[in-house]
Each structure stands twice: as C-alpha cells, then as structure tokens.
Amino acid sequence: MTRARLLLLSPTLAMIGFFLLLPVALMAVYSFLSPGTYGGVEWLLSFDAYIQFFFERDFLTDELVFHTSYLSIYFRSFVQALAATVICLLIGFPTAYFIATRPPATRSAWVLLVTVPYWVNLLIRTVSMLFVLRDEGPLNGALAAAGIVDAPLRIAYTDFAVALGLVYSYLPFMVLPIYAAIERFDFSLMEAACDLYAGRWTILRRIILPTVKPGVVAGCLLVFIPSLGAYIAPDLLGGGKNLMIGNLVALQFQGSRNWPFGAAAAVLLLSAVLVALTVLARRRALSAAGN
C-alpha cells in the first residue's frame, strides 16, 4: 500500500521538488555568494548581501552603520498588505455571506460572477485600472461631470492606488474560502439564537464568526501573503515611486544586477512569512488542544 501511494504521489512530489523546493534552495544558496560583475553570481562565500540589508559603510571610517532603508520598504509592504487584507475582508465577508444565503440553484452563478473578471490576465487588468484612475480617466471624468470635483483627483501613482490594485487583484481569494465556510454553516443556530433574543451583532460575533473562523483565516492568509510580494500593482499603479518588496527584489535582478542581494531580500521575506505561519499554526494547535 505504501509503495502504491508513493507511485501515485510521485508526479506531484516531483513537480513540487523541481518547481518549488529547488528554486527556493537555489535562491538561499545565491544569497550567500558574491555578485558577478555583469549579473549572476561568483561562487565565493560571502555574507555581504545580508550585511548590506541592515548596514552601510561609512565612507570616511569604513565602519558599519545600521540603517533602515530596506526595513522601511518591508514596513511599507506590510502596511499595504495589511490594508489590502482588511479591505478585502470588509468587502469579502458580506459578499460571501450573501452568496451562501442565496438559493442553491443560483449560488454557482453568483460565484461565477465573482471569478469571471479574473479570467483575464493580471497585467491587463492592472493596466485597465490605471486607465480608469488616471487624471484623464473615466473616474475623474464622471466626478467632474457630476460637479463633485473641479480638478482631477490625483489617484494614480499613489499608495492609495496601490492598495486599490491589491484589493482588486486578490479579492476572490478572500471571498471563496469564506463562502465555502459559510456554506457549511448550520443556520439553525441563528434561529436558536434569535429565539433567545440575541441581536444581530451578537449572533455575528458569538456564533457566525467563531464557526467560519477557519475560512476567514484562510482568506486573510491568501490575500496578505501574495500582497507582501506583489510586483505588478506597485510598479504600474504606484509608478515605482515607493518600492515594495517585490519591486526591490526585481530591481536587484534586472537593474542593479546584484543577484545575491535580491536573493537575500527574498529569503528574508520568506523566512519572516514562515516564522509567522509557524507561530500561528502552533497557537491554533494549542488552542485546539486546550478545547
């Protein structure tokens, strides 16, 4: 039986090993090498990439001085990802609840409406959003025609535009897990709570949210983690003014040709995400054991 399972799993394990584990391992190895003159790496062990991330050398004394330039990029990325996650949750939870409470015959149609726009390539959708948000775009045109604004709102190439792009890119990742959790919810519990004179907010806070919490957590993770490393939305909608982690990594490989530093920046992000997920998993396991 074990041999049969291994044979069945071997294609999946091979794909994961070749297309996931091997690139991550190469990235980790490259982060400890020296940069090549015109890109690539030289196979000389070096910790300069990690030193460069946290320190810079004083040009007079050649001493290492701690700086926060790259940490500020990580902090900005964290704030943008967190904002996108919160907005997606505020929009996605009511949307998922609405779909889950429709008649079974129409639920598939509502889910299709959520996913159809995302059949189009992400790059095309982001460029289209840029055309909508720019000063001469239809959004400012409609606001001006309605007399709401006298001058165009400068939305494009701002952090707000980046947040909108992240929400637009990853909103279905929030809706679908929550919808799946609510669909399995026993709505007779709500009826029982109403019989006991519980209010709507009490029912939401004490009954619905604890029951569908796994779907909410899954949706938040599926939005937050990709938003941290997003590249297209910050590059196009932000105009490259304020770098995020994805732009920083891409710049090292495409512009600066400093592959070890780009790999180190990616490894630091991956390590932070893995540590956070491990802590979250342990807390959930302890909570489940306590119950």
- Message: Need the failing condition index for Ala281 against (1) without any contact (Cβ under 8 Å) to a residue 60 or more places away in the chain; (2) surrounded by 19 or more Cβ atoms within 10 Å (Cβ to Cβ), just the number.
- Response: (2)
- Within region 123-130, can one find any residue that is buried (at least 16 other Cβ atoms within 10 Å of the Cβ), assigned to a helix (DSSP H, G or I), in contact (Cβ under 8 Å) with a residue 60 or more places away in the chain and not polar (S, T, N, Q)? yes
- Message: If I filter region 50-65 for residues that are in a helix (DSSP H, G or I), modelled with pLDDT under 95, among the aliphatic types (A, V, I, L, M) and surrounded by 18 or more Cβ atoms within 10 Å (Cβ to Cβ), do I get at least one hit?
- Response: no
- Message: Being among the polar types (S, T, N, Q), over 26 Å from Gln252 (Cα atoms), surrounded by 11 or more Cβ atoms within 10 Å (Cβ to Cβ) and in contact with a Cys (Cβ under 6 Å, 6 or more places away or on another chain) narrows it down to one residue among Thr101, Thr85, Thr95, Thr115; which is it?
- Response: Thr85
- Task: Considering (1) under 20 Å from the mean Cα position of the chain (by Cα); (2) of a type in the set (S, T, N, Q); (3) more than 28 Å from Ser256 (Cβ to Cβ), say which one Ser108 fails and leave the rest.
- Result: (1)
- Within region 1-48, how many residues are within 25 Å of the chain's Cα centre (by Cα), touching a residue at least 12 places away in the same chain (Cβ under 8 Å) and more than 19 Å from Ser271 (Cα to Cα)? 0
- Query: From the set of residues in region 230-271 that are among the small types (Gly, Ala, Ser) and loosely packed, with under 14 Cβ neighbours inside 10 Å, which is farthest from Asp135 (Cα to Cα)?
  - Reply: Ser271
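Out of the residues in region 66-77 meeting the condition of being in contact with a helix residue (DSSP H, G or I) (Cβ under 7 Å, 6 or more places away or on another chain) and not aliphatic (A, V, I, L, M), tell me which one is surrounded by the most Cβ atoms within 10 Å (Cβ to Cβ).
Only one residue tops the list, namely Ser77.
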- Could you say whether any residue in region 146-156 is part of a loop (DSSP other than H, G, I, E, B) and touching a residue at least 60 places away in the same chain (Cβ under 8 Å)? yes
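Examine region 192-201 for a residue that is crowded, with 22+ Cβ neighbours inside 10 Å, in contact with a helix residue (DSSP H, G or I) (Cβ under 7 Å, 6 or more places away or on another chain) and part of a helix (DSSP H, G or I), and state whether such a residue exists.
So far as region 192-201 goes, no, none of its residues is crowded, with 22+ Cβ neighbours inside 10 Å, in contact with a helix residue (DSSP H, G or I) (Cβ under 7 Å, 6 or more places away or on another chain) and part of a helix (DSSP H, G or I).
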- Message: Can you pull out every residue in region 237-291 that is over 18 Å from the mean Cα position of the chain (by Cα), under 28 Å from Phe47 (Cβ atoms) and either of a type in the set (A, V, I, L, M, F, W, C) or outside any loop (DSSP other than H, G, I, E, B) (or both)?
- Response: Leu251, Gln252, Phe253, Gln254, Trp259, Pro260, Phe261, Gly262, Ala263, Ala264, Val279
- Task: Name the residue, out of Val223, Val217, that is under 28 Å from Tyr170 (Cα atoms), under 24 Å from the mean Cα position of the chain (by Cα) and buried (at least 17 other Cβ atoms within 10 Å of the Cβ).
- Result: Val223
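Identify the residue in region 147-190 that is among the β-branched types (Val, Ile, Thr) and farther than 21 Å from Gly246 by Cα and, among all such residues, is surrounded by the fewest Cβ atoms within 10 Å (Cβ to Cβ).
Top of the filtered list is Ile148.
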- Note on the structure: When region 11-42 is checked residue by residue, the ones that are among the aliphatic types (A, V, I, L, M) and either in a strand (DSSP E or B) or under 11 Å from Gly262 (Cα atoms) (or both) are Met27, Ala28, Val41
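The values are calculated or read from the model by the stated rules, or taken from the named source; none is laboratory data. Source: prediction; values computed, not measured. Cβ atoms come from the backbone with ideal geometry, glycine included; neighbour counts cover every protein chain shown.
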